[in-house]
1. Find all pairs meeting these conditions: Cβ atoms under 7 angstrom apart; at least six residues apart or on different chains; first residue within region 326-340 and not assigned by TED's automatic domain parsing to the domain that holds Ala98; second residue among the hydroxyl-bearing types (Ser, Thr, Tyr) and part of a helix (DSSP H, G or I).
2. Those residues that are buried (at least 18 other Cβ atoms within 10 Å of the Cβ) and among the small types (Gly, Ala, Ser), I need them from region 373-408; list them, please.
3. Looking at this structure, is Glu391 assigned to a helix (DSSP H, G or I) and over 17 Å from the mean Cα position of the chain (by Cα)?
4. Search region 285-324 for residues being more than 14 Å from the chain's Cα centre (by Cα) and among the hydroxyl-bearing types (Ser, Thr, Tyr), and hand back the single one that is nearest to ligand 2 (Cβ to nearest atom).
5. Condition first: on the phi > 0 side of the Ramachandran plot and in contact (Cβ under 8 Å) with a residue 40 or more places away in the chain. Now tell me which residues in region 8-28 satisfy that.
6. For region 288-339, what are the residues that are of a type in the set (Asp, Glu) and in contact with a strand residue (DSSP E or B) (Cβ under 8 Å, 6 or more places away or on another chain)?
7. For region 169-198, how many residues meet the condition of being in contact with a Gly (Cβ under 9 Å, 6 or more places away or on another chain), within 13 Å of Gln149 (Cα to Cα) and more than 16 Å from ligand 2 (Cβ to nearest atom)?
8. Just checking, does region 13-36 include any residue being surrounded by 14 or more Cβ atoms within 10 Å (Cβ to Cβ) and within 16 Å of ligand 2 (Cβ to nearest atom)?
Amino acid sequence: MKIAHADVLVTSPGRNFVTLRITTDDGVTGLGDATLNGRELAVVSYLRDHVAPLLVGRDAHQIEDTWQYLYRGAYWRRGPVTMTAIAAVDVALWDIKAKVAGLPLYQLLGGASRTGALAYGHASGFDLEALFDSIREHLALGYRAVRIQTGVPGLDQVYGVATSTGIGQRYDYEPAQPRAYPSEEEWDTRAYLRHLPSVFEAVRNEFGPELPLLHDGHHRMTPIQAAQLGKALEPYDLFWLEDCTPAENPEALRPVRQHTTTPLAIGEIFNSVVDYRTLIGEQLIDYVRSAITHAGGITAMRRLLDFAAQYQIKSGMHGPTDVSPVGMAAALHLDLAIHNFGIQEYMRHSPATLEVFRTSYTFSGGLLHPGNNPGIGVDYDEDAAARFPYEPAYLPVSRLTDGTVHDW
Ligand code: GCO
Ligand code: MG
């Protein structure tokens, strides 16, 4: 079964997505997500100019060999663009292999270890009233775990807080805005640290002790600030505190760990197991946040999560809307199969996105399931995709109140 061609598909049904479609000489197709939010066309070029021509004629069954060929063979290793491109090839080849076997992908990964994957959604609001409404909406949709993001007094915009879509309908928070330059947001860590514990206290008082609550610090704190926050949040029993410090410095989590028992999650901007060596080896985290889409595909995520399992560290795969339905479906197959599953982030895609990507995964009783169609279970509607041409879009940039550029 040889690869006949590999096509890079770009569409923007509400937000940009890049998809790799591999076709074999007997006409089987597989899809892989290649979306790197705000830097999409870099991956398009990497795939079109440097990877697709190398795939033609290769045996579509040789997934591990192709992974190593693209990783080692490039000489230049790792990095988000390279690893997103490799991930797209890897997932597309797994999709093909499972279709040829006539099985949903999770069966090839060892079969189901659970009935479904616990999902968390993004509840947010600038003030308590809006936040409570959002939590109630999520509970009504069936979520059994929620991430809590809230406004900070004195700041106009804050990471993770949804705004109205202008059509009287709320859509899950999506930070990338279609524009030629990124917007800029102001940030004040001390104001945030003063405010956040009171919000968690109010949420616990209103919703009780059982609901799993998560929070994302988006890399904005110093190690000692993160330690202070983790300690201050202990009475509210968080499921995790995510990305509390900048991701480049794994040692930053040592002081955080020394001072707090709040569980820690990190890794959405990592792209390789190498990034986790200290974090996992020293047991500085509790959850691995990488996405299959950005960390080298199913082949690489499986290796990473097997390593994590030796240290009682669980999965918490990244699942915002910039992971396409193809990336989400791939994650769900792995979520179902691995032993050390923790939780799956799940922001629902917009109706326009779901017109282009026809999915077969389900969400019920708070659990996601990838479905039982052969492969990963996603079809790409090219006619629908053509109605949504690519639009440049950027994530915001953050500045402290004195103008210094900060981590967003
Ligand atoms: C999350 C993430 C996202 C990122 C986004 C950037 O926890 O889901 O922090 O919201 O900001 O993926 O592209
Ligand atoms: Mg995050």
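The values are calculated or read from the model by the stated rules, or taken from the named source; none is laboratory data. Please read these numbers as outputs of a predicted model, since none were measured by experiment. With ideal geometry, Cβ positions are generated from the backbone for all residues, glycine too; neighbour counts draw on all protein chains shown.
1. Cβ pairs passing all conditions: His333/Tyr106; Leu336/Tyr106; Ala337/Tyr106.
2. Those that are buried (at least 18 other Cβ atoms within 10 Å of the Cβ) and among the small types (Gly, Ala, Ser): Gly375, Gly377, Ala385, Ala393, Ser398.
3. Values: assigned to a helix (DSSP H, G or I): no; over 17 Å from the mean Cα position of the chain (by Cα): yes.
No.
4. If we filter region 285-324 for residues that are more than 14 Å from the chain's Cα centre (by Cα), which is where we start, we get 285-286, 299-300, 302-314.
Adding the requirement that they be among the hydroxyl-bearing types (Ser, Thr, Tyr) leaves 299, 311.
Values: Thr299: 24, Tyr311: 22 Å.
My answer is Tyr311.
5. Passing the criteria: only Gly14.
6. Across region 288-339, the qualifying residue is only Asp335.
7. 1
8. Yes - at least one qualifying residue is present in region 13-36.
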